[in-house]
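**Q** My questions all concern the structure below.
Bear in mind these aren't lab numbers, they're just calculated from the coordinates by the rules spelled out. No experiment lies behind these values; they were computed from the predicted model shown. Glycine also receives a Cβ, built like all others from the backbone with ideal geometry; neighbour counts cover every protein chain displayed.
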DNA sequence: AAAACTATTTAACAAATGATAAAAAAGAAA
DNA sequence: TTTCTTTTTTATCATTTGTTAAATAGTTTT
């Protein structure tokens, strides 16, 4: 997805303000398997996905638990780094060869203080992330694993082709064995 | 908690900007049991809790599921209304007699467009809510019911005295019976 | 194609949680 | 206090999910 569309979808900007943001953005490519964010590190950039798919995971005891997927158009952010300048608890792994837009956090923070339109764009950016986070929270708390699986399929049908079931299972809050059972019962 | 402290804790403002916000805030009191937000309604205000405690819940089939608690200093926001001007899915019930600060959303939106400091205050406000939402998401996805219960107790010890176990159980994503069992096993 | 590796499913049993009903405890009202 | 109501716990059984191991399916390498 093109950077213009990504920026515009978040919040409409004046041409001047939009150019200020775009001047701070660079493009970069990474291969499948690349670890973009490392846990226990302060991340200094946020990214937007032009092409590809990624996941964020953290460890519980010895096993990875995926708690976020991102696809074309989605932002990749370590929120603890972005908001509090603190170490994040997650790795972000690219699940396909990816084309990304990179934006330095420090540069963006500066723009927030200088340009009111960009400040409101940044406000809206986080507001939209918050809505997503709340939706996911509600889904985890209100729905059964089977319902969550069906909802994920409906919202994002191609994820089955693009992501291993083990990652999807942990995203749904269950084991891979349990997801296999659920899939067997649905058919 | 005093409104000055609440505003300052979110993001430092110039005196002028802070006064602009404060001029838009009114105080109001409601008795225990008052329903502050109604589901399927566009809420036109956000609140901050000066004194008291509240919960947000939605229905799953016929039973209420609590997914948020707010106490002194916390904001009360229907995010769907605040962000998208759309109907929310939650009721908010006051669990004690409450003293609240009220801020009209429309008024705040106007300030966001006029004052860059307030725009950044509003950005920070949502960022902090997002961090909380992510923490809760991780807790639901990574930890067992027992671990979530112990974490809640640790983070907010007095909740046991102030809130019924039925509400706490649904907040933890389990039934009240299950929470009773967990409590029995811990001692 | 055969071998090696990875991903997914199935099976068997254990543990955790849900559902329902009843008992006990705690609080509120008469 | 006594009664009435609400809240919390306990008991029983059904269902779901976890754990471990093995079997199957699918890919990649040689």
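**Q** Can you tell me the orientation of helix A:116-142 relative to chain A, as the angle in degrees between its alpha-carbon axis and the longest Cα principal axis, to the nearest 10?
**A** Here the helix axis deviates by roughly 10 degrees.
**Q** Quick check on the exposure proxy: order B:134, A:106 from fewest to most C-beta atoms within 10 angstrom.
**A** So the residues, fewest neighbours to most, are A:106, B:134.
**Q** Shifting gears a bit: Over chain B, what relative contact order in percent results from Cα pairs under 8 Å that are six or more residues apart?
**A** Relative contact order here is 26 percent.
**Q** Between copies, how close do the residue A:35 label points come, placed 7 Å along Cα→Cβ, listed in nm from shortest?
**A** When each copy's label point is compared with this one, the spacings are 5.1 nm.
**Q** Sort A:158, A:78, B:24, B:170 so that the residue with the fewest other Cβ atoms within 10 Å of its own Cβ comes first and the one with the most comes last.
**A** Taking fewest neighbouring Cβ atoms as first place, the list is A:158, B:24, B:170, A:78.
**Q** On a 0 to 90° scale, report how tilted helix A:145-155 is relative to the longest principal axis of chain A, with both axes built from alpha carbons and the result rounded to the nearest 10.
**A** Taking the Cα atoms of chain A, the angle to A:145-155 is about 50 degrees.
**Q** Follow-up. Once the protein assembly as shown is represented by equal point scatterers at the alpha-carbon sites, with solvent omitted, what log10 I(q)/I(0) does the Debye formula produce at q = 0.12, 0.13 Å⁻¹?
**A** -1.02, -1.19
**Q** May I pose another question? Distances from residue A:166 to the same position in the other copies: list them in nm, one decimal, shortest first, using label points 7 Å from Cα along Cα→Cβ.
**A** 4.4
**Q** Normalised by the number of residues in region A:3-105, what is the relative contact order in percent for Cα pairs under 8 Å and 6+ residues apart?
**A** Rounded, it is 41 percent for region A:3-105.
**Q** Once the label point is set 7 Å along the Cα-to-beta-carbon vector, what list of distances in nm do you get between residue B:62 and its counterparts in the other copies?
**A** Here the equivalent label points are 4.7 nm apart from this one.
**Q** According to the Kirkwood expression over distinct Cα-Cα pairs, how big is the hydrodynamic radius of region B:77-187, in Å?
**A** 16.8 Å
**Q** For A:115-128, what's the mean count of beta carbons from other chains sitting within 10 Å of each residue's beta carbon?
**A** Rounded to a whole number, the mean comes out at 6.
**Q** How long are the three semi-axes of the equivalent ellipsoid for region A:3-105, computed from the Cα gyration tensor as the root of 5 times each eigenvalue, in whole Å, largest first?
**A** One finds semi-axes of 25, 16, 11 Å for region A:3-105.
**Q** Between helix A:105-114 and chain A, what is the angle of the helix's C-alpha long axis to the longest principal axis, kept within 0 to 90° and rounded to the nearest 10?
**A** Result, in degrees: 50.
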